[in-house]
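The values are calculated or read from the model by the stated rules, or taken from the named source; none is laboratory data. Every value quoted in this text rests on a predicted model; they were computed, and no experiment measured them. Here the Cβ is made from the backbone with ideal geometry for all residues, glycine too, and neighbour counts use every protein chain on show. Accessible surface is based on the protein model in full, side chains and every heavy atom, while ligands, DNA and RNA are left aside. Shrake-Rupley method; radii C 1.70, N 1.55, O 1.52, S 1.80 Å.
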Amino acid sequence: MNTPDTGQSQIEFTVNGQTVRTAVLHDERLLDTLRKRLGLTGTKEGCGEGECGACTVLLDGLPVNACLVPALQARNRSVETIESIRPERLEHMLDSGATQCGACTPGVVVSAEWIRRNAAALRSQDARRLMAGNLCRCTGYDGIIDGLTASIEADSHAANEDGGPA
Ligand code: FES
Ligand code: FES
């Protein structure tokens, strides 16, 4: 129910598979809802203006910059944050030296997860272009791309061993 006189509305949406209900300001960013209201501080703020990708989350399965998405737009939708990514998904990034200060890492991992899930459809796309929305000031990107590639190859091997797609 909307309460425009207070400048807030109640919204319900799914975060990492759980239904949540919370008040949000009408001009509130999804990034702040996640971090300040829901305590999901894994999603980071870098530039705060849609340039760096540090705040990347999945909205209905697609990567978005949470610093640019009004919280109201998440109503009745599904949000996935870095907290939902299984820890083993980080292993290839760690092995390839894809993280140093870690400021970009949550967004990198969430974007990589989207690419990994859609690897078949995105096969013809260049991995560096797909990751172009995630800036890193430390690693120089080779480690990130190597980690992403290793993750996709591991999925492919696992699917072959299982006899079908993952
Ligand atoms: Fe959102 Fe940089 S903090 S894109
Ligand atoms: Fe420091 Fe990417 S690891 S910005």
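Considering only Cα atoms, the convex hull volume of the chain works out to 114 Å³ per residue. For residue 121 and residue 162, the difference between the fully extended length at 0.36 nm per residue and the C-alpha to C-alpha distance is 12.7 nm.
For the chain, the relative contact order comes to 21 percent (Cα pairs under 8 Å, sequence separation of at least 6).
Computed from the Cα positions only, the extents of segment 103-157 along the three principal axes stand at 30, 18, 17 Å, in decreasing order.
Have a look at 119, 151, 26 and report the one farthest towards the positive end of the charge dipole of the chain, computed about the Cα centre with Cβ charges (Lys/Arg +1, Asp/Glu -1). The Cα lying farthest towards the positive end belongs to 26.
Short to long, the 10 Å bins of the Cα pair-distance histogram for segment 67-110 hold 23, 45, 23, 10 percent of all pairs. Each part gets one Cα centre, and for segment 47-79 versus segment 94-166 those centres are 19 Å apart. Charging the Cβ of each Asp and Glu at -1 and of each Lys and Arg at +1, and nothing else, the dipole of the chain about its Cα centre rounds to 340 debye. With both labels modelled 7 Å from their Cα along Cα-to-Cβ, the residue 91 to residue 23 distance reads 4.5 nm.
Binning the alpha carbon pair distances of segment 27-81 at 10 angstrom intervals from zero yields the distribution 28, 63, 8, expressed in whole percent. In this view, the solvent-accessible surface of residue 136, computed with a 1.4 Å probe and all protein chains in place, comes to about 10 Å².
To the nearest ten degrees, helix 142-162 and the longest principal axis of the Cα atoms of the chain are 80 degrees apart. Surface listing: 86, 129, 75, 116 arranged by accessible area from highest to lowest gives 129, 86, 75, 116, probe 1.4 Å.
Calculated on the alpha-carbon coordinates, the convex hull of segment 1-96 measures out at 97 cubic angstrom per residue. The fraction of Cα-Cα pairs per 10 angstrom bin, counted from 0 for segment 127-166, comes to 29, 39, 24, 9, 0 percent, rounded to whole percents.
Between 0 and 90 degrees, the angle of helix 105-117 with respect to the longest Cα principal axis of the chain falls at about 70 degrees.
Solvent exposure of segment 66-152, expressed per residue, is 52 Å² of accessible area, with all protein chains present and a 1.4 angstrom probe.
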